[in-house]
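*Asks:* The structure follows.
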Amino acid sequence: MPEFLLPKLGADMTEGRLVEWLKKPGEPIARGDVIAVVETDKANIEVESWVPGTMEKILVEPGPDWMPVGTPLALIRAEGPEAAAPPPPTQPRAPPPAAPPAPRPLAAAHPPPPGERVHVSPAARRRAEALGVDLAAVQGTGPDGRITLEDVDRAAAAKPQPSAPPDRRDRMREAIAAAMSRAKREIPHYYLSTTVDFGPATQWLEARNRERPVTERLLHGVLLLKAVALALRAVPELNGFWIDGRAVQSDAVHVGVAVSLRGGGLVAPALRDADKQSLDALMRSFQDLVTRARAGTLRGAEMTDATVTVTSLGERGVESVFGIIYPPQLALVGFGKIVERPWVVGGAVVARPVITATLSGDHRATDGHRGALFLDAVDRFLQNPQKL
Amino acid sequence: MTRDEIRTGVIAALAAVVPELEPGGLDPRVSLRDQLDIDSMDFLNFTIGLHKAFGVEIPETDARQLATLDGCVEYLAARLAARDRPSAA
């Protein structure tokens, strides 16, 4: 019977924590159904099952413990011939279920000891229960020392806050540090840049957006993503992974988009088949991906599928980005700010919006010549935005 | 709709893209992008939120008028007044 293992949701992931099961034993599972939520160093990720069948048995309950990648979390009874086979003896290879969280103090639920009667309004008592405040430790400020709603709220606010947010930030920083250190240690980067006339793209985009309602508007970033995806079709040597000492090209173009998170850190989930999507479809996918990345509801496949990464720092005034490749990918593409610059068109100097496109390439996989062809292809695609 | 009601609606649309928003700490005359570190995707989602909350179309060329909280309120008040004004028979 197939085991559902804690998946590796990124090159830098070594462990994770089970947050929630979304399927119960006995519930059917279709291929691609989200069945669990797993916390990684970077985000809470919705994890899919690629085995259709039925949730047979949960081996690990949600809890505070971090487990290594590959830990069996559940058993899934597969559909088809495999389901008819006798089930192998179940070996409890999973670590013991995590201890349930300690119960919150619910002092208010029990009468206080004689002689220590706490005067408290029913509303304040309910609030204390809801917030997990120990009424015995609250100083009442109402008449006769009665504990008021405000007293409970004040006590709740004074309680030590859960350490999850700073802990998450620390873990994310450590994960980024590990991945980037590995990249700089192992990947011999080369860097190229070119300045692209963004006039045609800007004019086309303005005209197109003028005719559409706000819900159908395109951002210039989606033109850049599509141009990169098409250029990777033209120069496929940059699209793929470095695995076991050699470059492995990917047939699909899944563009990882670097998304900065509120509060710090970043993730780079994948826009799948970006080369095949229309601009409208790609924009909706892009919008959905960024929104979910910031809300912490990304899917497992989105964290692992990217065949290249695109980063753009232009919105904060940066003119060019020379990024670090996210291993095991082969390249990273950067875009800077759109700026007006003198530009020669037909022998005359005119003001044009331009953007700097950069490439960080893995010299083990490609040479500067291929990289130059790629940037040239990006430029060509952006000169004909109507064909993107 | 009063300006206070519009302001409340604008803040709600902002909070949808900036969950940690503290309305009391917002300077109504300073750029929202600069105060809240929002990017073009956040701003587009904010604009869509305004469109849905107030039922007015917001052309891309008007985006600059939405740069600050006060700007949003003034812009939407004008749009709503124009929409609700009885047309000449």
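The values are calculated or read from the model by the stated rules, or taken from the named source; none is laboratory data. The structure presented is a predicted model; accordingly, all values stated were derived computationally and were not measured. Using ideal geometry, Cβ is built from the backbone for each residue, glycine included, and neighbour counts are taken over all protein chains shown. Ligands, DNA and RNA are stripped out before the accessible areas are found, and what is left, the full protein with its side chains, is counted by its heavy atoms. Shrake-Rupley method; radii C 1.70, N 1.55, O 1.52, S 1.80 Å.
*Asks:* To the nearest 100 Å², how much accessible surface do chains A and B hide from each other in total, with a 1.4 Å probe? It would help to have the intermediate numbers written out before the result.
*Replies:* Details: alone 20070 and 5700 Å², together 24120 Å².
It comes to approximately 1700 Å² buried between A and B.
*Asks:* Can you tell me the dipole magnitude for chain A around its Cα centre, using point charges on the Cβ only (Lys, Arg +1; Asp, Glu -1), in Debye to the nearest 20? Don't jump to the answer; show the numbers that get you there.
*Replies:* Numbers: 46 positive and 46 negative charges, 122 e Å.
The calculation lands at about 580 debye.
*Asks:* Kindly identify residues of the range A:268-298 having a loss of at least 40 Å² in accessible area between the isolated chain and the assembly of all protein chains, probe radius 1.4 Å.
*Replies:* So the qualifying set is A:Gln287, A:Arg294.
*Asks:* Can you tell me the FRET efficiency between A:Arg262 and A:Arg146 if r is taken as the Cβ-Cβ distance and R0 is 41 Å, rounded to the nearest 0.05?
*Replies:* On the way: r = 41 Å, r/R0 = 1.00.
Result of the calculation: an efficiency of 0.50.
*Asks:* Here's a follow-up. PRE reach from A:Asp376 (point 7 Å along Cα→Cβ): which of the range A:182-205 fall under 15 Å by backbone N?
*Replies:* A:193-195
*Asks:* What number in nm² do you get for the range A:344-386 if you take the convex hull of its Cα atoms and divide its surface by four?
*Replies:* On the way: hull surface 17.1 nm².
Result: a mean projected hull area of 4.3 nm².
*Asks:* Reported to two decimal places, what Rg/Rh ratio describes the range A:277-344 when computed on Cα atoms with Rh from the Kirkwood expression? Before the final figure, lay out each step's value.
*Replies:* Numbers: Rg = 14.7 Å, Rh = 14.2 Å.
My calculation puts Rg/Rh at 1.04.
*Asks:* If you don't mind, another one. Can you give the accessible area per residue of chain A, in Å², using a 1.4 Å probe?
*Replies:* On the way: 19190 Å² over 388 residues.
Ligands and nucleic acids excluded, the result is 49 Å² per residue.
*Asks:* Separation between the A:Asn384 and A:Ala137 pseudo-spin-labels, each 7 Å from Cα along Cα→Cβ, expressed in nm?
*Replies:* Computed distance between label sites A:Asn384 and A:Ala137 equals 7.0 nm.
*Asks:* Using only DSSP helix segments of four residues or longer, with each worth -39500 (n - 2.57), what per-residue ellipticity at 222 nm results for chain A after dividing by its residue count and rounding to 500? Don't skip to the answer; put the middle values down first.
*Replies:* Details: 9 runs with 111 residues, N = 388.
Helix-only estimate at 222 nm: -9000 deg cm²/dmol.
*Asks:* A follow-up question, please. Which semi-axis lengths, in whole Å and largest first, follow from the square roots of five times the eigenvalues of the Cα gyration tensor of the protein assembly as shown?
*Replies:* Computed over the protein assembly as shown, the values are 44, 37, 21 Å.
*Asks:* By the gyration tensor of its Cα atoms, with a ≥ b ≥ c the square roots of the eigenvalues, what is the shape of the range A:250-388: rounded for a/c under 1.5, prolate for a/b over b/c, or oblate?
*Replies:* Numbers: a/c = 1.65, a/b = 1.43, b/c = 1.15.
Taking the square roots of the gyration eigenvalues as a ≥ b ≥ c, the range A:250-388 is prolate.
*Asks:* On a C-alpha basis, how far is the centre of the range A:293-326 from the centre of the range A:198-242 in Å? Whole number, if you could?
*Replies:* 15
*Asks:* I need the Debye-formula profile for chain B: one equal scatterer per C-alpha, no solvent, reported as log10 I(q)/I(0) at q = 0.11 1/Å, two decimals.
*Replies:* -0.29
*Asks:* Which whole-Hz couplings ³J(HN,Hα) result when phi for each residue of the range A:57-69 is put into the Karplus expression 6.51 cos²θ - 1.76 cosθ + 1.60, θ = phi - 60°, listed in order with x for Gly and Pro?
*Replies:* Each residue of the range A:57-69 in turn: 8, 8, 9, 10, 8, x, x, x, 7, 8, 10, x, 4 Hz.
*Asks:* Can you run phi through the Karplus equation (6.51, -1.76, 1.60; θ = phi - 60°) for the range A:310-321 and list ³J(HN,Hα) in whole Hz, with x for Gly and Pro?
*Replies:* My calculation for the range A:310-321 gives 10, 10, 9, 10, x, 5, 9, x, 6, 8, 8, 10 Hz in order.
*Asks:* On to the next question. Using only atoms on other chains, find how many Cβ atoms lie within 10 Å of each Cβ of peptide B:56-62 and report the average.
*Replies:* 4
*Asks:* Mind ranking A:Ser278, B:Ser40, A:Ser49 by accessible surface for me, highest first, 1.4 Å probe?
*Replies:* A:Ser278, B:Ser40, A:Ser49
*Asks:* Additional query: Out of residues 5 or more away from A:Gly63 or on other chains, whose amide H comes under 5 Å of its own, with H placed 1.01 Å from N in the peptide plane?
*Replies:* A:Leu18
*Asks:* I'd like the mean, over residues of B:41-54, of how many other protein chain beta carbons sit within 10 Å of each residue's own Cβ. Each step should come with its number before you reach the end.
*Replies:* On the way: counts 11, 4, 2, 8, 4, 0, 3, 6, 1, 1, 3, 2, 0, 0.
Going residue by residue through B:41-54 and averaging, the value is 3.
*Asks:* So what's the back-of-envelope 222 nm ellipticity for chain B, counting only DSSP H runs of four-plus at -39500 (n - 2.57) apiece and dividing by all residues, rounded to 500? Can you show the working numbers first?
*Replies:* On the way: 4 runs with 51 residues, N = 89.
Result for chain B: -18000 deg cm²/dmol, rounded to the nearest 500.
*Asks:* First measure r as the distance between the Cβ atoms of B:Leu21 and A:Ala30, then evaluate 1/(1 + (r/R0)^6) with R0 = 35 Å and state the FRET efficiency to the nearest 0.05.
*Replies:* Values: r = 38 Å, r/R0 = 1.09.
E between B:Leu21 and A:Ala30, to the nearest 0.05, is 0.40.
*Asks:* Same structure again: In the protein assembly as shown, carbon and sulfur make up what percent of the accessible area (probe 1.4 Å)? Walk me through the numbers on the way to the answer.
*Replies:* Details: 13050 of 24120 Å².
Within the protein assembly as shown, the accessible surface is 54 percent carbon and sulfur.
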